[in-house]
Amino acid sequence: MEMDSLEVHVVDTFDEEEEEDEDASRYNDDACDPQQQQQEQDLSAEDISPQDLTAESRLCLARSGLRSLPAQLLCGPRLTVLDIRDNLLTELPNDIWRLKGLQEMRLDRNALRELPDGLVQLHDLHTLSAAQNRITTLPAGLLGHMEALRSLTLNSNLLEAAAVSAAAQKPVRENGHANEGDGVESLGPLSHVDLRGNSLCGSIVLADYGALTSLDVSFNKVQSLDLAALEQLRRLHCASNELRHLALSGRSLEVLVAPNNKLQMVQVEPPPSRLQELDLSRNELTMMPSWLVECRGLSSIDVSHNQLTSLPEVVFLLPHLHTMQAGHNSLRSLPTIQNANLSLQILRLQSNALTALPPHLLNCCNRLVELNLSSNRLMVIFDDTGGQLKALRRLMASYNQLGDAALRQIARLPNLKALHLAYNRITQIPAICIDSWSEIQELVLSGNHLISLPESITSLRKLQVLRMHSNQIRSCPTVNQMLSLKVLDLSHNKLEQIDLARLAPPGLQCLDISCNHRLHVDPSHFNQYRSKRAMSLVDTSGQNRSCLPMSPYHEAAALELPWTLGFADGGAWSRFPICQLRLPAFCNTEALLGIFEGSGASGPEVAKLLAQSVPRLLLEERTLPDTAHEYMKYTILSAHRELRQKGQLSGANAVMCHISRPSPAKPYILRVASVGPQGVLLARIGGSCARLTKSAPHSEPNRVLGQSAEFPLVIPDPFVTEVILGETDQFIIGASERFWEYVPEEEAVREVAASLGTSRGSKEANTAAKRLVDLAQGYGCTNSISVMVLSLLGEGLRPSSQSVRVVTPGEAFLAQARSSPSGQSAEDDPHLEHLSSASSSHSVPLSRFATLPGFSDMGGDAEDEWTDTGSCAATSAGPEQLRCWEYMLEKNSRVLFDRDLQALRPTLPRVGKGGSDISSLKGSLRNRVMYTGHNAAYFGSLQRLLPTLTKETARKSPGFIRAPSAEMLQYVPEEDFGEMDPLQCGRMQRYWGVATTEL
């Protein structure tokens, strides 16, 4: 969002209450830069001169398009470093041993499935890196024979424990017995091993690699890891396994990172006196390890997301401890500490059961910079005798029971920059707080009982974010002089009247005043202010209106859909990299939602481009017979192709949800397609939930839109999930990546269920989304996040008992023949009903479309045929329905009807020598005939099939329409079809006489 633009949420202020790589390759070819493709042509053998091999000791052939290793490369006895990363190698020659002097070899990001046996004869090789390949086997005795090997990197492959065990065999003496000497001498100086993201499982015991100092086995399925014999081990990373047993030697241990396991205890002997960093988060610990008392050098502890009920006093007294994270446990109290000068700088205790803090604990934390106490049961934070925490910059205490007295105590913090006290019991902001918080930049007091804001709040000159939604505020002071203010959220209050000129400072980027049911905004004043400053309206009701309503908005006046949408954003607004797609009334009867998150410098532009392209692409892909059965997948792939150059440096993650049903007599189907780590949850009655998205395993390529130059290491193939919705489904939560890093899924479901209650209107859905954003920020999230909540109305999801078929105007015009735009009946094609009615509109009389281009010349016969079919009941169409049809007619200009076009094939002229197939019509792009106008959506099929049709060809062809592009195309008379089948001819007349189609 540009700095001078303003996003205003105002419109409903009147509320009274797994895939294949082939598809990815094809779409990547279209998205890549041609110049870049030219630069990455295969490197021929002649490109390597003998001088390169004899005079140079280092040879870099990275990104050279190599499919095999040139034979003359093996004639370089002086070669010491070989870098052939990022190529297309599938194997290495077995005589690689001829590179006797090779010391370093880098094979990362190729397509290798194994390493040759000749590799073990490279006795001088000390560094071997073959990450992100497809390696399943290793040479027997690889680690035992390579006496100089110090660093081995094999992460993101397909290695199993048996393959690693075979590679770790000890060398065999001439007498046939394995060496039994000291482990360090017999197995070489191997010190660094990286095996993360493979297929290791079961139990692993390492006893013969005494020189090993760094080991990474993260993202595997290891259940037991015994490293007690590795006395030189300094760094161990074993995150995201299934560990229940972990035994280590603490003699040299400095870093232990083991989150996302099932550990209940960790055996370390002797105690790790040199330990500096400990991460045991997301395990099953019920008590802190006893050996922590000996870790005098420990600086960071993370034991969050466990089952701890208490913390020992000795942990707080560690002399160098500056970060303590113990959130999301079951802590009921903290140890009492007096007369101590703690070194703590960051203390995070969110989501516990604390009812009070020890009297003198915070008085001993004079260096504290960040304190997080959100989601506890605190009524006060500081005692009256405590001193000032002059170093404290961030205080998070949302979701507690703090009142006005607690707020006056917080006034003693003069250097606060961020204060989050959402969903407490605060009724007013004392003047002493405004006077003390001269440095504050972010103030969140949403969900309290505030009635008004003090006029003195305008003196907070450094304030950038002010979130006060879900209070009882009736008026707002003049804040147009707060030049630093960027976000002002006053939604869900009781505002009655505002003046935008007084409420919007020049630097404001987001103003949310929605869901103030007493508020009236004068459209003339609004338009006058809008003429002076660029802004965009955001309709929180889900109707996506682009102007202020002239009358109060009532929820019942909206389209009767079985869902309501709520959404919210949070984070850095200067370059917000996330864009939402919100179409809860897509094609009047469906819902299309999406969250797109760009990365890099062009992230915001990439996200916006995706959100704008997806609706059109989905309509196209769902209509094409070749892609209709997997239209969600191909919509994502087409969106990837739309990025083109913009997506090369700045990739994007995406999640898209589409709800539709084949007919009113059938249930709604929810389809979710995701590329990246965004999450979508479906919650059901009873508190159960199902995650409908997943991230790619570390052994598979990353899934990202854009960045085609990294293919096949990065692919755009989405994960697609389909769920049949029923009456027990309550709501859907979709959120960006960072949100799920801070908020557990079960907690998000509980929060939304509590917010929605028994009401399911758009106001409650928006409140639920805002509460989730407040919760994530209360837990310490400072990144950009985006949340959407779709509340499902159980009874509305029930299939209709009436056998009424909802049809589009174009389909009703042909209802007697029951044919589709593909020239096939419903009985002929099992996918037809799904394709033709998936985006169908509520049935309306044809006269309702008289104002639309293309319907003005239709007489009474057409309307009589509409009413005589008896296929549907006539209902009135609102302006939203008309705009929906305009969108489908004018914007979707690439619809393809293969069956009808097949009927045209016999009438097409031959082009060239003997060319009879329609694909042989290759004309000049300069002379290309482009069909436009209001029939472009229908006749765009011709453009797509014959993209290079010349004017001369069109003139000579008796089966083509010859009309100015700006005029409505007329249907072809029956006599002009020549030898075309009469049945097909009649059907084409009926189609071409209607300027619409069903999409």
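The values are calculated or read from the model by the stated rules, or taken from the named source; none is laboratory data. Source: prediction; values computed, not measured. We place every Cβ from the backbone using ideal geometry, glycine too, and count neighbours over all the protein chains shown. To get the accessible areas, we keep the full protein, side chains included, count just its heavy atoms, and leave off ligands, DNA and RNA. Shrake-Rupley method; radii C 1.70, N 1.55, O 1.52, S 1.80 Å.
At a glance:
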read-out: Extension gain, Thr728 back to Ala148 (0.36 nm per residue minus Cα-Cα distance, nm); value: 202.5 nm
read-out: Sequence-distant residues sharing a close amide H with Arg661 (under 5 Å, placed H); value: Ile669
read-out: log₁₀ of I(q)/I(0) at q = 0.24 Å⁻¹ - segment 276-382, Debye sum with one point per alpha carbon; value: -1.60
read-out: Whole-percent carbon and sulfur share, accessible surface of segment 254-314, 1.4 Å; value: 44
read-out: Alpha-carbon Rg/Rh ratio, for segment 259-324, with Rh computed the Kirkwood way; value: 0.92
read-out: Extension gain from Arg134 to Ser333, taking 0.36 nm per residue of separation minus the Cα-Cα distance; value: 66.6 nm
read-out: Spin-label pair Gln528/Ala207, simplified geometry with 7 Å Cα→Cβ offset, distance in nm; value: 8.8
read-out: Accessible surface of segment 635-749, 1.4 Å probe, proportion on carbon and sulfur as whole %; value: 51
read-out: Stokes-Einstein D for segment 618-777, Kirkwood Rh over Cα pairs, 37 °C, 0.692 mPa s (µm²/s); value: 191
read-out: Accessible surface, 1.4 Å probe, highest first, among residues Arg644, Arg196; value: Arg644, Arg196
read-out: Cβ-Cβ FRET estimate between Arg98 and Arg296, R0 fixed at 60 Å, reported to 0.05; value: 0.70
read-out: Spin-label model distance (nm) - Ile685 vs Glu231, 7 Å beyond Cα toward Cβ; value: 6.6
read-out: Compactness relative to 2.2 N^0.38 Å, alpha carbon Rg of segment 421-500; value: 1.00
read-out: Estimated FRET transfer efficiency when R0 is 25 angstrom, pair Thr309-His245 (beta carbons, to 0.05); value: 0.60
read-out: Heavy-atom accessible area per residue - segment 406-474, 1.4 Å, Å²; value: 35
read-out: Accessible area in square angstrom per residue, segment 686-755, 1.4 angstrom probe; value: 40
read-out: Where Arg394, Arg750, Arg134 fall by accessible area, highest first, once all protein chains stay in place (1.4 Å); value: Arg750, Arg134, Arg394
read-out: Packing-based ranking, highest mean first, of 765-771, 619-625 given that Cβ atoms within 10 Å are counted; value: 765-771, 619-625
read-out: Exposure of Arg691 as accessible area (Å², to 10), given a probe of 1.4 Å and all protein chains; value: 90
read-out: Segment 554-640: C-alpha pair distances exceeding 17 Å, %; value: 57
read-out: Portion, in percent, of the accessible area of segment 325-424 that falls on carbon or sulfur, probe 1.4 Å; value: 45
read-out: Area accessible to solvent at Ser333, 1.4 Å probe radius, in Å²; value: 60
read-out: Å² per residue, accessible surface of segment 259-344 at 1.4 Å; value: 45
read-out: Segment 631-771 - share of DSSP beta bridges that are antiparallel (%, nearest 5); value: 90
read-out: Cα-based equivalent ellipsoid of segment 724-775: semi-axis lengths in Å, sorted from largest, via gyration tensor; value: 19, 14, 9
read-out: Charge sum, other residues only, whose C-beta stays under 9 Å from Asn261's C-beta, Lys/Arg counted +1 and Asp/Glu -1; value: +1
read-out: Most to least accessible of Cys781, Cys75 (protein chains only, probe 1.4 Å); value: Cys75, Cys781
read-out: Residue-by-residue Karplus 3J(HN,Hα) for segment 480-493, coefficients 6.51, -1.76, 1.60, Hz, glycine and proline x; value: 5, 9, 7, 5, 8, 5, 10, 10, 10, 10, 10, 6, 6, 10
read-out: Computed label-point distance, nm, for sites Glu560 and Glu160 using a 7 Å Cα→Cβ extension; value: 5.9
read-out: Cut-off 15 Å between beta-carbons: net charge of the residues surrounding Ile337, Lys and Arg +1, Asp and Glu -1; value: -1
